[in-house]
1. Kirkwood Rh, region 223-282, all Cα pairs: how many Å?
2. Trypsin sites (Lys or Arg not before Pro), restricted to region 56-165: which are DSSP loop and have at most 11 other Cβ atoms within 10 Å?
3. If I stretch the segment between GLU273 and THR141 completely, what's the gain in nm (0.36 nm per residue apart, minus their alpha carbon distance), one decimal?
4. Probe of 1.4 angstrom, ligands and nucleic acids ignored: what's the accessible area per residue over region 139-222, in square angstrom?
5. Please identify every one of the GluC sites (Glu not before Pro) in region 156-240 that sits in a loop by DSSP and has no more than 13 other beta carbons within 10 Å of its own beta carbon.
6. Which three lengths, in whole Å and largest first, does region 192-264 cover when its Cα atoms are put on their principal axes?
7. Among LYS130/LYS241; LYS130/LYS165; LYS214/LYS269; LYS130/LYS248; LYS132/LYS264; LYS132/LYS165, which pairs are too far apart, with a Cα-Cα distance over 28 Å?
8. If you take all C-alpha pairs in region 108-205, what percent of them are over 18 Å apart?
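The values are calculated or read from the model by the stated rules, or taken from the named source; none is laboratory data. Here the structure is a predicted model, which is why all the values come from computation and not from measurement. Neighbour counts run over all protein chains shown; Cβ positions are idealised from the backbone, glycine included. Surface areas here come from the heavy atoms of the whole protein model, side chains and all, with no ligands, DNA or RNA. Shrake-Rupley method; radii C 1.70, N 1.55, O 1.52, S 1.80 Å.
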Amino acid sequence: RKMVEVTFTNPIYLWFFLSIPALGVFHFISLKFIRVRAIEFANFAALKRVAKNPFLPKNYILLILRILTLSFLILAVSGATLWYFGKSSDFDFILAIDASSSMLAGDFLPSRLNVAVETAKNFVDAISSKAKMGIVSFAGTSFIEQEPTEEFSQVKRALDRISVKTVGGTDLGGAIVVSSNLLLDENKAKIVVLLTDGRSNVGVPIQQAIDYAKLHLVTVHTIGIGTEEGGTIPETDVISKLYEEELKKIASSTNGNYYRATDKEILEKAYGEIVSSTERKISFNLTIPLMLLALISLFLDWGLVNTRYGIIP
């Protein structure tokens, strides 16, 4: 696994790095005109006696500073975020549970939804008392069952209230966005646990939801529930199977983990791994540090141009 990596919430702005060669070309073209003016109007012989090489060193230094300034600005607007593994237990959680009709499939007894809810209660019991936890259920749209709270008895009652929704479809993207919004005002690290058996077929596009979670530094762990054979949805002949690709993409893109739960014991183990690990992927938004570095480079450039590297009229 990668111990340290950098991700970007707006990677399209990285294309502006193509402007750096243009900056270099413009720098040397302007330098050519400055040299011509200096030779034409200045006492070049006297300048040569004062400085061994009056042009080359300062111009390369200024060019490097300007390239650094532009690079820092591009990385800042691209939303650079540093991810690293570190020791931490200071997290708030949102548990988002799929409540679409496919969660009634019989490959888990009495149903996937029932097993998901019951094992979730053990997950709640294992969370630190200092953490907050909220509950979201979703199908074709999302429902806030419980806003983040330290009263875990309320969380369990919210779990008991979850039932299959009449809104058709599965909106994984919407569930991620709604869950992330519930954590925006929290100061601790933000974790969403998304439990589902299906792929998204309505609502917010998955990539848009991933970008939103990354923008707000939300880590999404995904749990896929369902057996390889799948299960029949009651009163239908439809066999519901687990779709994993989107869940893997969501987890890897937000620096979370994907867990495949093919029975109740594995599901409980997945919950346990999420809550018990002390080494977590921690994010650090680099936008402000990069902006500060850009300002420092800009002020250095300005200071040199107006002092040591000033042009004599």
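1. Hydrodynamic radius (Kirkwood, Cα only) of region 223-282 equals 13.0 Å.
2. In loop regions of region 56-165 (DSSP not H, G, I, E or B), the sparsely surrounded trypsin sites (Lys or Arg not before Pro) are LYS130.
3. Using 0.36 nm per residue and subtracting the Cα-Cα distance, I get 44.7 nm.
4. Solvent-accessible surface per residue comes out at 42 Å².
5. Filter output for region 156-240: GLU228, GLU229, GLU235.
6. Each principal axis gives a Cα extent; for region 192-264 these are 42, 26, 16 Å.
7. LYS130/LYS241; LYS130/LYS165; LYS130/LYS248
8. 47
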